[in-house]
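The values are calculated or read from the model by the stated rules, or taken from the named source; none is laboratory data. These figures come from a predicted structure and were not determined experimentally. Glycine gets a Cβ as well: all are built from the backbone with ideal geometry, and neighbour counts include every protein chain shown.
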Amino acid sequence: MTRSRPHVLGIDDGPFDKGQTKPVPLVAVMMECPQLLESVALAERAVDGAEATEFLADWISGLRCYPTLQAVVLGGITLAGLSVVDISALAAALERPILVVNRKNPAVSRLAEALAAAGFHDRLPILDRSPAATHVAPGLYLSWAGVRQREAEKLLRATLGKAQIPEPLRIAHIIARALETGESRGRA
């Protein structure tokens, strides 16, 4: 059962250039949603790095906030370029629900083409296993693992503030951008 103010961890990466050798900053923000910021954690990830699911499972389970965490929200199933996250495996490893939000329908994404073009054919099965996204609001698509649809939607609603995306993810995006460029800008 979802608490009315669940502790949700939002994770986003900073901006990067395709093929850059410098690691990409990752920011995790835990909030008692959507008003209270509880924790911020930083990591780095190589552009297009392998084993994104294992990386996230290790990182998140090692965070001090992990015991109080009720869910994790990601802005898509990729991190730092073409590092693909298997959200079902991540939910199982963390024993927590994983929510994935997108502003555009991921069913029409060209991610499979990008993975094939980059030679990451071994990552294509993760796409095949990825849960389909549901259109839940204008400009907002949701997929989930480790929880039923009704509970996933309830968790999502509990994280929404003024913006159309979950507040922990929005704040993580702002911080990640500022770490890489010196300040945040644009829609978050």
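Quick notes on this structure:
- Filter pass, residue 88 being among the polar types (S, T, N, Q) and over 20 Å from residue 56 (Cβ atoms): no
- Sole residue being crowded, with 18+ Cβ neighbours inside 10 Å and either more than 25 Å from residue 25 (Cβ to Cβ) or basic (Lys, Arg) (or both), chosen from 158, 137: 158
- Looking only at residues in the stretch 110-164 that are touching a helix residue (DSSP H, G or I) at 6+ places or on another chain (Cβ under 7 Å) and among the basic types (Lys, Arg), the one that is farthest from residue 78 (Cα to Cα) is 129.
- Scanning the stretch 125-148 for residues that are part of a loop (DSSP other than H, G, I, E, B), at pLDDT 95 or above and among the aliphatic types (A, V, I, L, M) turns up 133, 147.
- Of the criteria (1) touching an Asp or Glu at 6+ places or on another chain (Cβ under 8 Å); (2) buried (at least 19 other Cβ atoms within 10 Å of the Cβ); (3) on the phi < 0 side of the Ramachandran plot, which one residue 146 fails: (3)
- Among the residues of the stretch 23-44, those that are outside any strand (DSSP E or B) and either in contact with a strand residue (DSSP E or B) (Cβ under 9 Å, 6 or more places away or on another chain) or modelled with pLDDT of 95 or more (or both) comprise 23, 33, 34.
- Residue match in the stretch 177-184 (condition: under 26 Å from residue 54 (Cα atoms), touching a strand residue (DSSP E or B) at 6+ places or on another chain (Cβ under 9 Å), of a type in the set (Lys, Arg) and part of a helix (DSSP H, G or I)): yes
- Checking the stretch 172-182 against the condition returns a match, with at least one residue being over 21 Å from residue 34 (Cα atoms), touching a residue at least 60 places away in the same chain (Cβ under 8 Å), in contact with a Gly (Cβ under 9 Å, 6 or more places away or on another chain) and of a type in the set (Ser, Thr, Tyr).
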